[in-house]
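Here's the structure we're looking at; comments come further down.
The values are calculated or read from the model by the stated rules, or taken from the named source; none is laboratory data. The structure presented is a predicted model; accordingly, all values stated were derived computationally and were not measured. Counting neighbours? That spans all protein chains shown, and the Cβs are built from the backbone with ideal geometry, glycine included. For the accessible areas, the whole protein counts, side chains as well, though only heavy atoms, and no ligand, DNA or RNA atoms are used. Shrake-Rupley method; radii C 1.70, N 1.55, O 1.52, S 1.80 Å.
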Amino acid sequence: MQSKSVQTLSRVMEGLCIFCIGLGAAVILFLPWLLKEYLLFSYGRLLPGRQYGCMLALLYLSGACALIILCHGRKILHDIVGGNPFTFSTARRVRAISFWCAPIGLGYLLGTLLLPSVFVVLVGLAFTFAAILVLILSELFLQAAQYKQENDLTI
């Protein structure tokens with residue numbers, strides 16, 4: 001049995017995920033215009049064609065993967081609110097989050113070829129590390145679900 005504060009926090013986080021999914025979809029929809037306006041505002045000019053295209057591709061990749069990750073996260077939070085976090089479906093969702101972090105990390109690491117920046121390298125390394133870490137956590141959730149299933153079968 002979970003405390004009322006944990007349930008409330010989980011509901012708030014689930015609502016925040018829904019808000020971020022909507023906001024993220026809007027950003028992806030208007031991404032070329034938003035990126036152009038950002039670059040003009042920040043630098044007073046656009047980047048050369050190849051760099052702009054690479055930046056746009058990385059942002060589309062990041063945005064699409066992030067939306068999928070948020071959808072899985074919302075479903076996990078829904079399971080927590082329901083009081084049943086250690087299930088095989090939760091373990092699969094955590095594993096899926098790991099797999100959707102990997103393209104972001106690899107995309108940014110490859111993106112350093114056209115966008116040589118410390119920031120690009122750090123984002124690539126962070127998401128690659130996150131993919132590995134979350135993959136390990138998915139195994140933890142899988143084992144917890146197996147122990148829970150065995151415990152539920154025990155009289």
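The table for this structure:
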item: For the chain, the Rg and Dmax computed from alpha carbons only, in angstrom; result: 19.2, 70
item: Peptide ranges 17-23, 147-153, 112-118 listed from the most packed, as the mean C-beta count within 10 angstrom indicates; result: 17-23, 112-118, 147-153
item: Accessible area per residue, Å², the chain with all protein chains present, probe 1.4 Å; result: 64 Å²
item: Cα lying deepest toward the dipole's positive end in the chain, options Val81, Leu29, Phe119, charges on Cβ; result: Leu29
item: Accessible area of the chain belonging to carbon and sulfur atoms, whole % at 1.4 Å probe; result: 74 percent
item: Separation of the His78 and Phe41 label points, Cα + 7 Å toward Cβ, nm; result: 3.4 nm
item: Computed log₁₀ I(q)/I(0) - Debye formula, equal Cα scatterers, no solvent, region 85-155, q 0.16 Å⁻¹; result: -0.59
item: Summed side-chain charge close to Leu77 - residues other than Leu77 whose Cβ falls under 12 Å, Lys, Arg +1, Asp, Glu -1; result: +2
item: Geometric extent, Cα atoms of region 35-77 - Rg, Dmax (angstrom); result: 14.5, 43
item: Binned Cα-Cα distance frequencies in region 1-66 - 5 Å width, integer %; result: 3, 15, 18, 17, 12, 10, 8, 7, 5, 3, 2, 0
item: Inter-part distance where region 12-57 and region 83-131 are each reduced to a Cα centre, Å; result: 19 Å
